[in-house]
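Here is the structure we will look at.
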Amino acid sequence: MHEPDASKPIDNDCTVDTDLLLWWEDFYLPVFEYILPKMGNLEGKKVLELGTGTGGTATLLAKQGASVVGIDLLPFRLKEAKERANRHKVFDAVDFSLMDATQLAFQDNTFDFIISKSVLVFTEHSETAKECYRVLKPGGKAIFMENMRNHPLVWLYRKLFLKYSRGLRYFAIPDIEAIGQHFEEMEHREFHLLSLGALFWKRIIPIPFFYRWSFQFLKSVDDKLLRLFPMLKRFCWITAMIFHK
């Protein structure tokens, strides 16, 4: 996959290195632009990343001053994550461990933030939420970026091509609200309703200019539609959930 060199600014004067988003960077960039300002200044903060994979998000947060623990169940991914952190010169700020997100080997009230991307769909939501609440410090936030269940095109793609997806616990609005019951406060925002149509110009007929133009245009249409008709958020592709302890 192409990994662009440029970084893009967000509201709190940080930058998101798109090569650290690892995959689908165009679609996850607005999600990170939403959550990172809500994390504020990360200097000296302790962050736990569930399902760190190859360490892109852990490295991104470490570059902004956080002390990060990244956990995963795949040893070869953890090896890649360590190499990535080393390449970005934040190896001393990141610790990677083999661990299950539903059985966290940390004391209560350890982390300022917990973050994950496409992890809770592989777990029992309530069980993971309880563990996250336990290890969060009072005033901490758990941030989960997850795939939703009801986007028509994504639903069809899963049915046709992703047989393993039948066992995954994709999110609907009631699932978000159920996790919120384990925390004091919650907020969430949904992304990508029509903007997935831009993939026609990337996957079917690859024309980069049309892809970039249509993605930005459809993304702006999404923003307006979701403001005018909030009920449409249930048909989006990605949800970003922020839960407060």
Row for the stretch 161-245, column shape: gyration tensor on C-alpha, a ≥ b ≥ c, rounded if a/c < 1.5 i.e. under 1.5, prolate if a/b over b/c, else oblate; value oblate
Percent antiparallel among DSSP beta bridges confined to the chain, rounded to 5, stands at 45 percent
Residue span residue 161 to residue 185: 0.36 nm per residue of separation minus Cα-Cα distance leaves a gain in nm of 4.9 nm
In nanometres, the difference between 0.36 nm per residue of separation and the alpha-carbon distance of residue 126 and residue 92 is 9.0 nm
Of the candidates 192, 152, 162, the farthest towards the positive dipole end of the stretch 150-200 (Lys/Arg Cβ +1, Asp/Glu Cβ -1, centred on the Cα centre) is 162
Classified through the alpha carbon gyration tensor (a ≥ b ≥ c as square roots of its eigenvalues; rounded if a/c is under 1.5, else prolate when a/b is larger than b/c, else oblate), the stretch 15-153 comes out rounded
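For the stretch 57-165, with only Lys/Arg (+1) and Asp/Glu (-1) charged at the beta-carbon, what is the dipole magnitude about the Cα centre, in debye rounded to 20? Please list the in-between numbers first.
Numbers: 16 positive and 12 negative charges, 100 e Å.
The calculation lands at about 480 debye.
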Of 126-134, 235-243, ordering from highest average Cβ density within 10 Å down gives 235-243, 126-134
Taking every C-alpha to C-alpha distance in the chain and binning by 10 Å from 0, the per-bin percentages run 7, 30, 38, 22, 3, 0
Quick shape check on the stretch 103-149: root eigenvalues a ≥ b ≥ c of the Cα gyration tensor, a/c under 1.5 is rounded, otherwise prolate if a/b tops b/c, else oblate, and it reads prolate
For the residue 231, residue 103 Cβ pair and Förster radius 41 Å, calculated FRET efficiency rounded to 0.05 is 0.65
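If we sort 56-64, 157-165, 219-227 on the protection proxy, mean other Cβ atoms within 10 Å, highest first, what's the order?
Top to bottom by mean Cβ count within 10 Å: 56-64, 219-227, 157-165.
Grab the Cα-Cα distance for residue 168 and residue 202, subtract it from 0.36 nm times how many residues apart they are, and report the gain in nm with one decimal.
Values: separation 34, 0.36 × 34 = 12.24 nm, distance 2.68 nm.
My answer for the length gained is 9.6 nm.
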About its Cα centre, the chain carries a charge dipole, from +1 on Lys and Arg Cβ atoms and -1 on Asp and Glu Cβ atoms, whose size in debye to the nearest 20 is 740 debye
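Each value in this text was obtained by applying a stated rule to the coordinates, not by laboratory testing. Since this is a predicted model, take the numbers as computed values, not measurements. Cβ atoms come from the backbone with ideal geometry, glycine included; neighbour counts cover every protein chain shown.
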